[in-house]
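To start, the structure itself, in structure tokens.
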Amino acid sequence: MNPKIAWMTVASIAITVGAYSLSRWIGARRPSPLTVPVFLATPMVMVAITVTHIDITGYHQASTIMTYFLGPATVALAVPFYRHRQVLRENVLPLSAGLIAGTTVAMAGGVLLARAFGLSAALQAAFSLKTATAPVAIADAPHVHADPTLVAGLVVVCALLGTMIGPKLLSLLRVRGEVARGTALGAIASGQGVAQSLTESDLTGAAASIAMVLAALVVTLLAPLVMRIFGG
């Protein structure tokens, strides 16, 4: 590897990890939707790589390395699930019913909102997939005639908003049950919601990880039907 690219790769990893750690530190002391790590760390990274003149090649190499570790991190989600398997088993019916109903309403509501604002059919279709994880939504995009790039961006934005607003909204609505909070955050904000849920408790994170997977399944099965019924 070119020494310059190697330096930029190492620096990019250090900047990203440092920005995330700093955002977690700030968030722990000043809890707010604006101190959610994904939201707060992103501008930190942007400013840092601009100041240090790191180009896209160097950061791409770093992102490839960091993305590799998403695999083990995802597998590690099985740990809190295993620890709380009995509680989750006892709540499987309300969890499943709430998740299916909530995900369906979120899909239909997104399509109807896009239609009310006069957005194109492609944008309406993208809104029907916004609660799935990005890889699943991108794979589902052709089945509802949506643009995969647009879908990917919309999923990330919606997950970020869900992570920022979701916990406060649930608290305002007096939703205090760990399984209920985790189900809501995992279904609406996918991976980002799971990460946020794990900051609340292991059980909340376990429920969120299940909800993330099941929500993606519900979206895959129902998105074409939702578009036929509610799409313009």
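Points worth noting:
- Ile5 over 23 Å from Ala159 (Cβ atoms) and not in a helix (DSSP H, G or I): no
- Once the stretch 58-97 is narrowed to residues that are at pLDDT below 80 and in contact with a helix residue (DSSP H, G or I) (Cβ under 6 Å, 6 or more places away or on another chain), the residue that is surrounded by the most Cβ atoms within 10 Å (Cβ to Cβ) is Gly58.
- Where Trp25 falls short, out of the listed (1) at pLDDT 85 or above; (2) assigned to a loop (DSSP other than H, G, I, E, B): (2)
- Flag if Thr103 is buried (at least 16 other Cβ atoms within 10 Å of the Cβ), more than 26 Å from Ser23 (Cα to Cα) and under 17 Å from the mean Cα position of the chain (by Cα): yes
- Residue-level analysis places Ala73 among those that are within 22 Å of the chain's Cα centre (by Cα) and free of Cβ contacts under 8 Å to residues at least 24 places away in the same chain.
- Qualifying residue in the stretch 12-30 (condition: surrounded by 12 or more Cβ atoms within 10 Å (Cβ to Cβ), of a type outside the set (Lys, Arg) and in contact with a Gly (Cβ under 9 Å, 6 or more places away or on another chain)): yes
- Any chance Thr16 is outside the structural domain of Leu203 (by TED's automatic domain parsing), touching a helix residue (DSSP H, G or I) at 6+ places or on another chain (Cβ under 7 Å), touching a residue at least 24 places away in the same chain (Cβ under 8 Å) and in a helix (DSSP H, G or I): yes
- Identity of the residue in the stretch 43-57, hydroxyl-bearing (Ser, Thr, Tyr) and in a helix (DSSP H, G or I), that ends up modelled with the highest pLDDT: Thr50
The values are calculated or read from the model by the stated rules, or taken from the named source; none is laboratory data. Owing to the predicted nature of the structure, the values given are computational and were not obtained by experimental measurement. FYI the Cβ positions are ideal-geometry reconstructions off the backbone, even for glycines, and counts take in every protein chain you see.
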